[in-house]
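Heads up, the thing below is written out as C-alpha cells.
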Amino acid sequence: MAKLTSKNTKLQYNSGTDVAPVWTEIPDVRTFPSLIGDIDEVDTSVVTGDKTSGEGQASVESPVFKFAYSGQGAGTNFLLLNTTIGPGVTKPYRILYVDGSGFGFSATCRVKDEGFDGGSAPVDFSAKFFISSLVVPFATST
C-alpha cells in the first residue's frame with residue numbers, strides 16, 4: 001500500500017443524527033495532531049507479588065488542529081467551529097484519510113486565533129478538541 005500523506009485528509013463532523021449521520025467537512029486544516037497518544041507503562045503488579053509493568057496506551061490529551069482562516073462566511077471553518085457547531089457542544093468528529101480509513105471521536109472544541117499578519121484578519125487559528133470518547137479507528141468506502 002502506498003504511504004498516506006495529509007494531502008486530501010479531511011476533518012469532518014456529523015451534522016446529522018446518530019441514526020442518519022451526515023459528514024460535513026471542516027475546510028482548510030493546516031495540521032492534524034496525533035490522536036493515538038504515547039505509549040505509557042502500566043503497573044501490572046499484584047499486591048503480594050513483585051513489581052511488574054507492561055505497555056499501555058496513554059489517553060490522548062486535547063489535540064489541537066491548526067487552520068488557515070477563511071473568513072466568517074457560510075461554510076467557512078471559523079464559522080463552523082465557532083458558531084454553527086458552537087463552543088461546549090459535543091459532536092462526533094472524524095479524520096478521514098484518502099483511502100477511506102480514519103479515526104472517529106466525540107469532542108467539544110474551543111477556537112483561538114493565532115495572531116495577525118498586518119491585516120485585519122488572522123492568518124491562522126487553532127481549535128483545541130476536548131475528547132469525551134474513545135478514539136476509534138474505522139474503514140469506510142466514503
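The values are calculated or read from the model by the stated rules, or taken from the named source; none is laboratory data. Computed from a predicted model, the values in this text were never measured in an experiment. Positions of Cβ are backbone-derived with ideal geometry, glycine not excepted, and every protein chain shown enters the neighbour counts.
So the check is Cβ under 7 Å with 6+ separation or different chains; which pairs have a first residue in region 92-111 that's at positive phi and a second one that's assigned to a strand (DSSP E or B) and small (Gly, Ala, Ser)?
Pairs found: Gly100/Ala139.
Name the residue that is nearest to Val29 (Cα to Cα), counting only residues in region 70-92 that are part of a loop (DSSP other than H, G, I, E, B) and of a type in the set (Val, Ile, Thr).
We begin by selecting, within region 70-92, every residue part of a loop (DSSP other than H, G, I, E, B); these are 70-76, 85-90.
From what's left, of a type in the set (Val, Ile, Thr): 76, 85, 89-90.
Details: Thr76: 11, Ile85: 16, Val89: 20, Thr90: 20 Å.
Selected residue: Thr76.
A quick yes/no check of all residues on (1) under 17 Å from Val135 (Cα atoms); (2) among the acidic types (Asp, Glu); (3) at pLDDT 85 or above; (4) buried (at least 16 other Cβ atoms within 10 Å of the Cβ):
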residue	(1), (2), (3), (4)
Val29	no, no, yes, yes
Lys66	no, no, yes, no
Phe78	no, no, yes, yes
Ile95	yes, no, yes, yes
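Find all pairs meeting these conditions: Cβ atoms under 8 angstrom apart; at least six residues apart or on different chains; first residue within region 1-16 and closer than 16 Å to Thr140 by Cα; second residue exposed (fewer than 12 other Cβ atoms within 10 Å of the Cβ) and at pLDDT 90 or above.
Asn14/Val22
(1) in contact with an Asp or Glu (Cβ under 9 Å, 6 or more places away or on another chain); (2) part of a strand (DSSP E or B); (3) at pLDDT below 90: which one isn't true of Lys51, the others all being true?
(2)
Here is a list of conditions, (1) under 17 Å from the mean Cα position of the chain (by Cα); (2) at pLDDT below 90; (3) exposed (fewer than 14 other Cβ atoms within 10 Å of the Cβ), and Val135 meets all of them except one; can you say which number that is?
(3)
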